[in-house]
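K.L.:
Can you keep this structure in mind? I'll have questions shortly.
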């Protein structure tokens, strides 16, 4: 690639700026433009005690870095994403040459990059999300490919390009394929977000997992995002976990523990850190059906983050640590000694929303962990968006900064900036020598390096020759914990028979080595697993027994079943990590393993620990146990709900019959049990069982007003319950439940009753009361009733205006209004009211045409100043809150105010800078938050529903519609589903706001 003189002048200026002392200023006194300047970058930074931060590189040397790696020579490799989501960021020009992989180098050792090489650039590289440099191979994750580059001639440019994997989906999407990392077991670890739907080899064939299943997210068995592991050549791919949303990066420590962060549905305070139990389900959607976390279910948690990750469901792995609001990105595990002790042997994590880089010190908690948070680096500059962290050979941290006003939602405020920072006790020196891997001391130092590439190269060399055994033996006998763990992995892999090393690990006092011993057995001597586990049944460590339980997953012999029962006997009834490990270990042979447990427990089969085990088991034998526990007159309501929810995860054989047998019990909780039973019975079973329907009808009067009562009315189309449905609509505080009730009411004959009420009204006030009562309801029959009433001329303006507003609340009504405006049937203020609704229609044709129907006096917009000028204007927070209440609260929530339709804005000030807030309001389709993409669902009955998918199963789709309404649509009724290319958010809001109102609104939002 050729560069102009101006580029080199810019680099020279950057180098000068980095080396020259900048007079300190008060960062708070800088204007927005000054805060963006490189000269003030470090003034915004706060760093942990004992550490310094320096600017290693910045624009124009590097722009939009998404992921980094540091090689054995200390050079920083960077994925750039200048072409990221250009259809949503059309103010930026496309770089036709494609995105780039850069190599940045500090040639004079002063801690600042002064040389840049373009390792690779090509149109096939589109917004790459991951890079790993391991020896002579460079692994680049850029959906739909994971490519492996090789530099054969040493000029630091790619000569050979090969494809390791192909993804189905994920192209140009930050929920795509993420980076590789090297584990101490010699294997590669990687993950992908939930925009990837399958993994294939380079010939396009689906990769098969360890069980022979195609790796696909169709629910058979996997859902959503995944964590995986494979050999260095891409063979033997294993799925380590699934049902994530968007895990950005994996980190593996010396003992083989796998750590990961995951993102929530934006605004729901559910971002978190995971410790991976292998083969686990991590709860983003319903494991069995794929339904979204908002879908009503028995026993869900009142706390949104807990509900979000299905933590009350058997089979959902516990969350290690909730970070609540956030935007989690890069992750590393620090095994160096340069940083202060508090950060050693801990996760180091980038949190882009909070403008922080953190460590998460973990503490053992039973079979799992708890974690605290320590800030390493924080910026007062809201544009600081740390995207990744990597460890250099000297133990310092290199941190990439996407540097942008926004984070998430596929939006960019800037495509020309980006920074790389370095954190160390002293940052004025950065000189990494060439490692001498031919020298014993050099090889040992490289093997113990916290740097991935150096560790990889040393591992490969130590693995290759027998002469290296002396080094490894010395480390195993005399090294620190990390050295001993790393050397043990390699010694066992090299040994013709690893049994001696496995036994040595199992006899260690430190439980981490005993866990490692089990992992070595699984990898190198699986035929010895039952022998090894028999040695550990009574181990005092829950973590060791956890690992032993998981290791029994694929054995399925009577001996394995007895061992599992022995491990289950040691469960204390409280440790959820241990319980889920038992479940993972038994899921492939649940009936066999449970039978051994039953025989082992005897009269203790009803203690709390045993009840929890039966709750978690996926066996037919556990179905009767749930019924037995529910029938206990001393069962609590919370436990009864848990046991009923567990039926959802049990095999189908005998399940519905057992649930039906729980109806009409003589029990202190009879009403609740009847309710839960109605909810738990499958609709298909109920439809063909008339005797059961008759029993249920007798129970309904006592259950009125409950979600379970509503389910029964829906399943059996009980028109006689219309008055009760209407009462439920009026009386319940649960808006989602009220919407379900009123839609059921309309479908069963309520539309005719509304028409009769309107026609029998004696005056306008009574007519307006009818419209106000049902105007927000998005039911196709009702909406068409409003349109028929509007077409009649004998009504007053207030009544007609109310009908226009009722029609303007949804897709079908807006199109009916559009037809009438085009045909000239609406004039004057009625036309203006209709057009304002059309301006927020999700149909791009309607939305684009709407302003043409307004005269200049009918709008408030005018020509706004550029965003750069708007940012400098001061607004009034109190007035902005009023604007939010009047305009935005119909779709968004802040705290307890508003409607849960669009993203929750309670933390939006930390996520978007002022410029990004203006762009989000003025150009909503430029960045659509993932998970809020719009869809049109057309039904065979002629209905059209629009919204975003809140949940999706094989039987139905749940749309979240305007007004915070959840609409459940049976797939049998659907004639078509179309994705929308425009945002669901109202465009042209400036047409209904004064300029100062817009400024006030942004002032209010930016302070949240």
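K.L.:
Identify all residues within the range 99-115 that are surrounded by fewer than 21 Cβ atoms within 10 Å (Cβ to Cβ) and touching a strand residue (DSSP E or B) at 6+ places or on another chain (Cβ under 9 Å); write none if there are none.
P.N.:
Once the filter is applied, which keeps residues that are surrounded by fewer than 21 Cβ atoms within 10 Å (Cβ to Cβ) and touching a strand residue (DSSP E or B) at 6+ places or on another chain (Cβ under 9 Å), the range 99-115 yields 105, 107, 114, 115.
K.L.:
Can you name the condition, by its number, that residue 813 falls short on among (1) more than 20 Å from residue 745 (Cβ to Cβ); (2) touching a helix residue (DSSP H, G or I) at 6+ places or on another chain (Cβ under 9 Å)?
P.N.:
(1)
K.L.:
Do we find a residue being over 23 Å from residue 524 (Cβ atoms), buried (at least 22 other Cβ atoms within 10 Å of the Cβ) and touching a strand residue (DSSP E or B) at 6+ places or on another chain (Cβ under 9 Å) anywhere in the range 227-240?
P.N.:
No, there is no match, as no residue in the range 227-240 is over 23 Å from residue 524 (Cβ atoms), buried (at least 22 other Cβ atoms within 10 Å of the Cβ) and touching a strand residue (DSSP E or B) at 6+ places or on another chain (Cβ under 9 Å).
K.L.:
Also, quick follow-up: Look at the range 240-271 and say how many of its residues are touching a helix residue (DSSP H, G or I) at 6+ places or on another chain (Cβ under 7 Å) and under 16 Å from residue 186 (Cα atoms).
P.N.:
Residues in the range 240-271 being touching a helix residue (DSSP H, G or I) at 6+ places or on another chain (Cβ under 7 Å) and under 16 Å from residue 186 (Cα atoms): 3 in total.
K.L.:
Looking only at the range 116-136, which residues are surrounded by fewer than 18 Cβ atoms within 10 Å (Cβ to Cβ) and without any contact (Cβ under 8 Å) to a residue 40 or more places away in the chain?
P.N.:
Selection gives 122, 123, 124, 136.
K.L.:
Does the range 707-762 hold any residues that are on the phi > 0 side of the Ramachandran plot and either modelled with pLDDT of 90 or more or part of a helix (DSSP H, G or I) (or both), and which are they?
P.N.:
749
K.L.:
Would you be able to say whether some residue in the range 636-647 is out of contact with any helix residue (DSSP H, G or I) (no Cβ under 6 Å at 6 or more places or on another chain), farther than 20 Å from residue 706 by Cα and assigned to a loop (DSSP other than H, G, I, E, B)?
P.N.:
No, the conditions are met nowhere in the range 636-647.
K.L.:
On to the next question. If we scan the range 27-41, do we find a residue that is at pLDDT below 95, crowded, with 22+ Cβ neighbours inside 10 Å and more than 30 Å from residue 337 (Cβ to Cβ)?
P.N.:
No: the range 27-41 contains no residue that is at pLDDT below 95, crowded, with 22+ Cβ neighbours inside 10 Å and more than 30 Å from residue 337 (Cβ to Cβ).
K.L.:
Looking at the structure I just gave you, is residue 399 out of contact with any helix residue (DSSP H, G or I) (no Cβ under 6 Å at 6 or more places or on another chain), closer than 28 Å to residue 455 by Cα, in contact (Cβ under 8 Å) with a residue 40 or more places away in the chain and surrounded by fewer than 24 Cβ atoms within 10 Å (Cβ to Cβ)?
P.N.:
Taking the combined requirement at face value, the residue does not satisfy it.
K.L.:
Can you name the residue in the range 633-659 that is farther than 23 Å from residue 295 by Cα and at pLDDT 95 or above and is also farthest from the chain's Cα centre (by Cα) among such residues?
P.N.:
Looking at the filtered set, the residue picked out is 633.
K.L.:
Something else: When you check residue 122 against the structure, is it touching a strand residue (DSSP E or B) at 6+ places or on another chain (Cβ under 7 Å) and more than 27 Å from residue 434 (Cα to Cα), yes or no?
P.N.:
So residue 122 fails the test.
K.L.:
Can I ask one more? How many residues, within the range 777-810, are surrounded by fewer than 20 Cβ atoms within 10 Å (Cβ to Cβ), outside any helix (DSSP H, G or I) and touching a residue at least 24 places away in the same chain (Cβ under 8 Å)?
P.N.:
Final tally of qualifying residues: 3.
K.L.:
Okay, next question. Restricting the search to the range 717-738, which residues are within 30 Å of residue 654 (Cβ to Cβ) and surrounded by fewer than 16 Cβ atoms within 10 Å (Cβ to Cβ)?
P.N.:
717
K.L.:
Right, here's the next one. Would you check if residue 817 is surrounded by 22 or more Cβ atoms within 10 Å (Cβ to Cβ) and either at pLDDT below 90 or in contact with a strand residue (DSSP E or B) (Cβ under 7 Å, 6 or more places away or on another chain) (or both)?
P.N.:
Judged against the criteria, residue 817 is not a match.
K.L.:
Checking residue 430 against (1) assigned to a loop (DSSP other than H, G, I, E, B); (2) free of Cβ contacts under 8 Å to residues at least 24 places away in the same chain, which test does it fail?
P.N.:
Failed condition: (2).
K.L.:
Could you pull out the residue among 415, 445 that is closer than 23 Å to residue 134 by Cβ and either under 38 Å from the mean Cα position of the chain (by Cα) or assigned to a helix (DSSP H, G or I) (or both)?
P.N.:
The conditions single out 445.
K.L.:
Any residue that is touching a helix residue (DSSP H, G or I) at 6+ places or on another chain (Cβ under 6 Å), at pLDDT 95 or above and either outside any loop (DSSP other than H, G, I, E, B) or under 30 Å from residue 706 (Cα atoms) (or both) - is there at least one of those in the range 336-354?
P.N.:
The answer is no, given that none of the residues of the range 336-354 is touching a helix residue (DSSP H, G or I) at 6+ places or on another chain (Cβ under 6 Å), at pLDDT 95 or above and either outside any loop (DSSP other than H, G, I, E, B) or under 30 Å from residue 706 (Cα atoms) (or both).
K.L.:
Can you tell me which residue among 135, 111 is within 21 Å of residue 348 (Cβ to Cβ) and more than 30 Å from the chain's Cα centre (by Cα)?
P.N.:
Just a single option satisfies the conditions, and that option is 111.
K.L.:
Right, here's the next one. For residue 58, work out the one condition from (1) at pLDDT 95 or above; (2) closer than 15 Å to residue 418 by Cβ; (3) under 26 Å from the mean Cα position of the chain (by Cα) it doesn't fulfil.
P.N.:
So residue 58 meets the others, but not (3).
K.L.:
Can you name every residue in the range 71-94 that is touching a helix residue (DSSP H, G or I) at 6+ places or on another chain (Cβ under 7 Å) and at pLDDT 95 or above?
P.N.:
71, 72 - these are the residues of the range 71-94 that are touching a helix residue (DSSP H, G or I) at 6+ places or on another chain (Cβ under 7 Å) and at pLDDT 95 or above.
K.L.:
For the range 657-673, which positions are under 20 Å from residue 625 (Cβ atoms), in a helix (DSSP H, G or I) and either touching a residue at least 24 places away in the same chain (Cβ under 8 Å) or touching a helix residue (DSSP H, G or I) at 6+ places or on another chain (Cβ under 7 Å) (or both)?
P.N.:
Passing the criteria: 658, 659, 660, 672, 673.
K.L.:
Further, regarding this structure: Hey, can you tell me all the residues within the range 464-505 that are out of contact with any helix residue (DSSP H, G or I) (no Cβ under 9 Å at 6 or more places or on another chain), within 13 Å of residue 520 (Cβ to Cβ) and touching a residue at least 40 places away in the same chain (Cβ under 8 Å)?
P.N.:
none
The values are calculated or read from the model by the stated rules, or taken from the named source; none is laboratory data. In this text the structure is predicted, and so the values were computed from the model without any measurement. Heads up, the Cβs are rebuilt from the backbone with ideal geometry, glycines too, and the neighbour counts pull from every protein chain shown.
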